[in-house]
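Visitor: Right, I'll just put the structure down here and ask away after.
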Amino acid sequence: MRLLLLALCGLALPALAIDRVEIHIGKIEHPGAKIEKISGTLNMDGRWHGRAMLKHGDAAQLAKEFTLPFAFSKGELRGWAEFSGEQKMPSQIRGEFFLKDVAFNDETGLHAGEKIAAHLQATATREGEQWRWTGKLGNTGGEVFWSPLYFDKMDIGFDGRGVYAPNLLSVEQSTLTVGGVGSAQISAALTLPENSIKNLDVTAQHIDMAGAYTVLLKPLFEKTMLANLEMEGQADASVSMKDGTFTAFHVALRDFDVADKNGAFEFYKVNADVPWSLNQGTKASLRYAGGQLLKMNLGATEMTAALNGYALTTPQVKLPVLDGTLTLTDVSAELLQEKWHWHMGATLTPVSMSDFSRAVGWPAMDGKLAAGIPTVTYTDGIMTMDGAMGINIFDGSITVDNLALQDPLGIAPRLRGDVVMRNLDLDLLTHTFSFGAITGRLDGDVKNLVLSRWKPVQFDASFRSAPGKYSKKISQRAVENISALGGAGASAALQRSFLRFFKQFNYSAIGLSCKLRQGNCVMEGVEPTPGGYVIVKGSGIPAITVLGYNREVSWSELLSRIQGVIESNAAPIVK
């Protein structure tokens, strides 16, 4: 159109003494647009100016005229544009557009939007080989999925300026606002056409962490144990990048509260200052007023750490837990070849088992829980412990050893380990769990233990009478419960006439084992018998022998039997 105008004027101007030509066109029809009020002027010195009104635009039709990374299925556009220049070179373009009910998607399914609305104002002015631009975006709405982020109400604003050159797009100064989260100041430069980040600086203050988690963080944590949190409080943050590499960031939390909705942990009144630089050492600090971990109360804690590039060190961290203290020593962490590696020592001063059992919802227990682990190591997604945790309980001891935890922050953590129990007082144990009375001592081993999602999928468990001389008696109630564990076919071999006279019986040995594989438990006892196994071996008068007949039972069935024992619904056959 501009070239046609120039040609016509070139023929007419020598004959006419005219210093400016004006042109007006009522409207232009296009399959994807209706353009009205088109006007333009051409000055004799070569300067020109034009203006057009977009009365109605079809986003789907207009998009077909361009090579775009997205397919637009529908949408309406309206607005206006002005343009000016000299000779063949445009010098300025500006316009204002309104978008309504726009929908788009791409072939990967990772980017899509529906019912999008926006108001865009922009101006671009030529300066030599580059264009200086300003832009403002507001009144946005609709739904946008930009993997992994999802905006169900796209409340986003942008106001900025920068420069566009053939090989560079820069944002010199801008403000990005996300509804319910806060605003950030951004400056950046991208190399073209690679769209790689040459430099980036982002600074945000007074971020609403509740909104930030819902809109930005939750999608990133979808497959971790951080996927179901509640947050409150504010934060300041800044980040810098150069040539695609992070060079610095700074995070400050103020009176920040976070809780796992599944009850795994909770921290409140968290205040932190974490500055980091790629090429300069910094010092980070964190403190919180209290919280809970697996329903265990945590006391107020303060800690500091030295940061040096992708390495962190701190000599000691003390974490009050219940009535004891978990002390971490020689803590160090480092990012090597895009994988985190860290190690530390850990000691737990004696914690009351009464407080611990109450916190985790177990029956009240006596004794102390203590641990001393020389080294805890995390590498390539697996946490291992070089040392054992010791628990003094039921007048005996429980040792947990060879622990290895894979993907601890994932949705399917996997734990391996061995548990050794020695000389537990059966009288204390059975009274704690309302099992019926048994006097004696118990040893146990749980080898090759594997938990997936914190549920057993494999182990070799064996429980038996401990060696030594001690009173060995079992109540009729305990006989009923043990018999129930052996299945519906279990029986207690005893003359019927004795049942009316005795509340407890003598035994010489107790033993029960389970080898769990692929959801089935292969069971054994003190010794085999034809068609079954002995769980309780009688001795003296009155004596009792409890037999089990189901050598293989599904793990879910065995759990239901244990639950039946707990609920006191066991009804064995005694004869």
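The values are calculated or read from the model by the stated rules, or taken from the named source; none is laboratory data. All figures in this text were calculated on a predicted structure; none of them were measured in a lab. Note that each Cβ is placed from the backbone with ideal geometry, even for glycine, and that neighbours are counted across all protein chains shown.
Visitor: Grab the strands (runs of 3 or more DSSP E) fully contained in the stretch 27-108, keeping just those with 1 or more residues being touching a helix residue (DSSP H, G or I) at 6+ places or on another chain (Cβ under 9 Å), at pLDDT 90 or above and of a type in the set (Lys, Arg).
Guide: Passing ranges, in order: 71-86.
Visitor: Which of the residues that make up the stretch 328-366 are acidic (Asp, Glu) and outside any strand (DSSP E or B)?
Guide: If the condition is that a residue be acidic (Asp, Glu) and outside any strand (DSSP E or B), then GLU338, ASP355, ASP366 are the ones that fit.
Visitor: For the stretch 346-366, which residues satisfy the criterion of being without any contact (Cβ under 8 Å) to a residue 60 or more places away in the chain, under 16 Å from VAL321 (Cβ atoms) and under 29 Å from the mean Cα position of the chain (by Cα)?
Guide: Within the stretch 346-366, ALA346, THR347, LEU348, SER357, ARG358 meet the criteria.
Visitor: Inside the stretch 197-216, can you point out the residues that are touching a strand residue (DSSP E or B) at 6+ places or on another chain (Cβ under 8 Å) and part of a helix (DSSP H, G or I)?
Guide: Passing the criteria: MET209, ALA210, GLY211, ALA212, TYR213, VAL215, LEU216.
Visitor: Quick check on my filter: what residues within the stretch 528-546 are out of contact with any helix residue (DSSP H, G or I) (no Cβ under 8 Å at 6 or more places or on another chain), among the aliphatic types (A, V, I, L, M) and modelled with pLDDT under 85?
Guide: Those that are out of contact with any helix residue (DSSP H, G or I) (no Cβ under 8 Å at 6 or more places or on another chain), among the aliphatic types (A, V, I, L, M) and modelled with pLDDT under 85: ILE541, ALA543.
Visitor: Could you pull out every one of the strands (runs of 3 or more DSSP E) wholly within the stretch 501-552 that has 3 or more residues that are surrounded by fewer than 20 Cβ atoms within 10 Å (Cβ to Cβ) and either touching a Ser or Thr at 6+ places or on another chain (Cβ under 6 Å) or not aromatic (Phe, Trp, Tyr) (or both)?
Guide: 504-517, 520-525, 527-529
Visitor: For the stretch 221-251, which residues satisfy the criterion of being at pLDDT 90 or above and small (Gly, Ala, Ser)?
Guide: Answer for the stretch 221-251, where residues must be at pLDDT 90 or above and small (Gly, Ala, Ser): GLY233, ALA235, ALA237, SER238, SER240, ALA248.
Visitor: Which residue, of LEU307, LEU319, is at pLDDT 90 or above and over 29 Å from THR247 (Cα atoms)?
Guide: LEU319
Visitor: Filter the stretch 329-383 down to the residues that are among the acidic types (Asp, Glu) and touching a Leu at 6+ places or on another chain (Cβ under 9 Å), then identify the one that is surrounded by the most Cβ atoms within 10 Å (Cβ to Cβ).
Guide: If we take residues in the stretch 329-383 being among the acidic types (Asp, Glu) and touching a Leu at 6+ places or on another chain (Cβ under 9 Å), then ASP355 is surrounded by the most Cβ atoms within 10 Å (Cβ to Cβ).
Visitor: Shifting gears a bit: Report every pair of residues separated by at least 6 positions or lying on different chains whose Cβ atoms are under 9 Å apart, first residue within the stretch 300-320 and at positive phi, second surrounded by 15 or more Cβ atoms within 10 Å (Cβ to Cβ) and assigned to a strand (DSSP E or B).
Guide: Correct list of pairs: GLY309/TRP276; GLY309/SER277; GLY309/GLU334.
Visitor: Name the residue that is surrounded by the fewest Cβ atoms within 10 Å (Cβ to Cβ), counting only residues in the stretch 416-446 that are more than 16 Å from SER397 (Cα to Cα) and touching a Ser or Thr at 6+ places or on another chain (Cβ under 8 Å).
Guide: SER434
Visitor: Quick check: anything in the stretch 201-223 basic (Lys, Arg), over 13 Å from GLY182 (Cα atoms) and surrounded by fewer than 17 Cβ atoms within 10 Å (Cβ to Cβ)?
Guide: Checking the stretch 201-223: at least one residue is basic (Lys, Arg), over 13 Å from GLY182 (Cα atoms) and surrounded by fewer than 17 Cβ atoms within 10 Å (Cβ to Cβ).
Visitor: OK, next. I'd like to know if the stretch 192-201 contains one or more residues that are of a type in the set (A, V, I, L, M, F, W, C) and more than 22 Å from TRP276 (Cα to Cα).
Guide: Within the stretch 192-201, one or more residues are of a type in the set (A, V, I, L, M, F, W, C) and more than 22 Å from TRP276 (Cα to Cα).
Visitor: A further question follows. What are the residue pairs meeting all of these: first residue in the stretch 367-395, first residue touching a residue at least 12 places away in the same chain (Cβ under 8 Å) and outside any strand (DSSP E or B), second residue of a type in the set (D, E, K, R) and crowded, with 17+ Cβ neighbours inside 10 Å, Cβ atoms under 7 Å, and 6 or more apart or on different chains?
Guide: Within 7 Å, the pairs are PHE394/ASP425; ASP395/ASP425.
Visitor: Do any residues in the stretch 440-453 that are free of Cβ contacts under 8 Å to residues at least 40 places away in the same chain and on the phi > 0 side of the Ramachandran plot have Cβ atoms under 6 Å from those of residues that are among the acidic types (Asp, Glu) and buried (at least 16 other Cβ atoms within 10 Å of the Cβ), where the two are at least six apart or on different chains, and which pairs are they?
Guide: Matching pairs, first to second residue: ASN448/ASP460.
Visitor: Take THR108 and tell me if it is over 30 Å from GLY46 (Cα atoms), β-branched (Val, Ile, Thr) and loosely packed, with under 15 Cβ neighbours inside 10 Å.
Guide: yes
Rundown of residues vs (1) of a type outside the set (A, V, I, L, M); (2) part of a strand (DSSP E or B); (3) modelled with pLDDT under 90, yes/no style:
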site: VAL450; (1), (2), (3): no, yes, no
site: VAL457; (1), (2), (3): no, yes, no
site: ARG464; (1), (2), (3): yes, yes, no
site: GLY468; (1), (2), (3): yes, no, no
site: SER471; (1), (2), (3): yes, no, no
site: ARG477; (1), (2), (3): yes, no, yes
site: ASN481; (1), (2), (3): yes, no, yes
site: ALA488; (1), (2), (3): no, no, yes
